[in-house]
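S.K.: Could you have a look at this structure, given as structure tokens, before my questions?
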Amino acid sequence: MMTSPTSTASPSELGSSLTTHKIYKRKKSSLGEARIAVVGSESVGKSAVTVRFLTKRFIGEYEASVENKYRHNSQIDSDYVTFEILDTCCKGPEGCAKDDIIRWADGFLLIYSITSRKSFDYVKDLGSKIIDARKCGFPLVLVGNKSDMGHVRQVTRADGQELGRELDCPFIEVSASEDAETVYDAFNTVGRDILSYKRKSRTIFDRVLGGLPSLKK
Ligand SMILES: Nc1nc2c(ncn2[C@@H]2O[C@H](COP(=O)(O)OP(=O)(O)OP(=O)(O)O)[C@@H](O)[C@H]2O)c(=O)[nH]1
């Protein structure tokens, strides 16, 4: 069900595809699935960006005290993909990148607000924590949200590009409120990276299995 752009969105308003979870078990997702955790500090627009991608609408305010998980079918290039998107909540001492979430996700959208230096420093630490926990080359996309608020900008585009290079991941500036295309681009970029990462892992696995019959000869 669509919600009007100016209303307050609650999870139940966003349709039956949504469930809320507390613990994320790392049961491997299938090749056509992309589990994305949307992480970043408070009020950077994690829910706005997620809901924009899911409903094509910008919704101003959210009832946001819990983590929300959504399933969404989409197509990237010629691949059909089921996105599982976790809109995280940062309250609590562990912040939004709890260990079970880091294990659960196939990839991350690291979101900061271009109007908050503090939120940028937060994703810098978070990105390093994720890279330490997962393998090198793990799918991450760095997202600077609220690009429509250039008049109160605290983080330059060059800062974002530099951090993208440091984390070795794509960097995109978006505006959940003004520019849906940039938001789709961010999700599709991480989705594409996840599929390619999974294919590479599978290729190595297949190569190992593929080698076994020849051993019998
Ligand atoms: N101008 C502008 N405001 C935005 C944008 N995205 C989100 N906001 C506003 O920023 C505020 C926080 O947005 P949320 O989506 O609730 O942020 P969040 O990161 O999910 O917040 P928490 O879950 O509470 O940490 C709301 O008032 C939104 O309307 C944007 O692209 N531009």
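S.K.: Extending each Cα 7 Å along its Cβ direction at residue 91 and residue 168, get the distance between those two points in nm, one decimal.
M.R.: 3.7
S.K.: Just want to confirm a number: the relative contact order over the stretch 108-184, from Cα pairs under 8 angstrom separated by 6+ residues, in percent. Intermediate results must be reported in sequence, preceding the final value.
M.R.: Details: 109 pairs, mean separation 27.0, N = 77.
Computed over the stretch 108-184, the figure is 35 percent.
S.K.: Looking at the stretch 75-162, what % of its DSSP beta bridges pair antiparallel, to the nearest 5? It would help to have the intermediate numbers written out before the result.
M.R.: On the way: 2 of 8 bridges.
If I count the DSSP bridges inside the stretch 75-162, around 25 percent turn out antiparallel.
S.K.: Please report the spacing between the Cα centers of the stretch 74-147 and the stretch 183-200 in Å, no decimals.
M.R.: Using only Cα atoms to place each centre, the spacing works out to 13 Å.
S.K.: Let me ask something else about it. Between residue 133 and residue 199, what length in nm is gained on full extension when 0.36 nm per residue of separation is reduced by their alpha carbon distance?
M.R.: Fully extending the segment from residue 133 to residue 199 adds 21.7 nm.
S.K.: Kindly provide the trypsin sites (Lys or Arg not before Pro) of the stretch 76-181 that DSSP labels as loop, not H, G, I, E or B, and whose Cβ sees at most 10 other Cβ atoms within 10 Å.
M.R.: Values: sites: 91, 98, 103, 117, 118, 124, 129, 134, 135, 146, 153, 157, 165; in loops: 91, 98, 134, 135, 146, 153.
Sparse-neighbourhood loop trypsin sites (Lys or Arg not before Pro): 135.
Bear in mind these aren't lab numbers, they're just calculated from the coordinates by the rules spelled out. Computed from a prediction, not measured in an experiment: that's the story for all the values here. Neighbour counts run over all protein chains shown; Cβ positions are idealised from the backbone, glycine included.
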